[in-house]
Amino acid sequence: MNVRLIIFVLLMFWGCSQPQARRPITHNKGKNIKASVERNKAIIRQQQKQIQAIVEQDTLLNFQSDPAGFWYAIQRQQRDQPRVEAGDEIEFLYRIQTLEGTVIYDEMELGKVNYLVDKEDLLPALRQGVKKLRQHEIGVFLMPSFLAYSYQGDEDKIEINQPLRFTIEIKNILKKNTTLKSE
């Protein structure tokens, strides 16, 4: 009987002990992240070279670089018109082309866009581009893929990691706390 009691007491102590925490199995993902960063840097360098070549070849437009990583030129200037600012409601048309100028989507396919500047979600290329323009101006923007459709493309006509040319025309600007100024 004493043996049974001893076994019972031992089982009680053994069964009531706290379970030992297991350490999670970790894998070093640092190599994958570093490789991804290097691949993306290489893509950006290659696209910047493509854009620079287009800028140097184009003698009709005076392209300027922007710190955000794109190039732009004002094709039709309107210095006496108001500039687009955050909070303005604007109406614009745009066209998407390859860097070489082949049309991917034209204004008819894309239609007129109404946008509350910096208050609504919009493709980064367009969000950056409209703020460089005034009412009735037309701008040409050479965008690296990270500001356009990035590594996904549009799953139709735009390829993955494809730098693009956007032509944007501001039709109307409704300034904050003012009325719509039309064509």
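The values are calculated or read from the model by the stated rules, or taken from the named source; none is laboratory data. Just so it is clear, the model here is predicted, and its values are computed rather than measured. Glycine gets a Cβ as well: all are built from the backbone with ideal geometry, and neighbour counts include every protein chain shown.
Values for this structure:
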{"read-out": "Of residues in the range 157-182 being at pLDDT below 90 and under 13 Å from residue 134 (Cα atoms), the one surrounded by the most Cβ atoms within 10 Å (Cβ to Cβ)", "value": "175"}
{"read-out": "Where residue 60 falls short, out of the listed (1) without any contact (Cβ under 8 Å) to a residue 40 or more places away in the chain; (2) farther than 26 Å from residue 161 by Cα; (3) not in a loop (DSSP other than H, G, I, E, B)", "value": "(3)"}
{"read-out": "Of residues in the range 63-83 being in a strand (DSSP E or B) and either in contact with a Gly (Cβ under 8 Å, 6 or more places away or on another chain) or touching a residue at least 60 places away in the same chain (Cβ under 8 Å) (or both), the one surrounded by the most Cβ atoms within 10 Å (Cβ to Cβ)", "value": "72"}
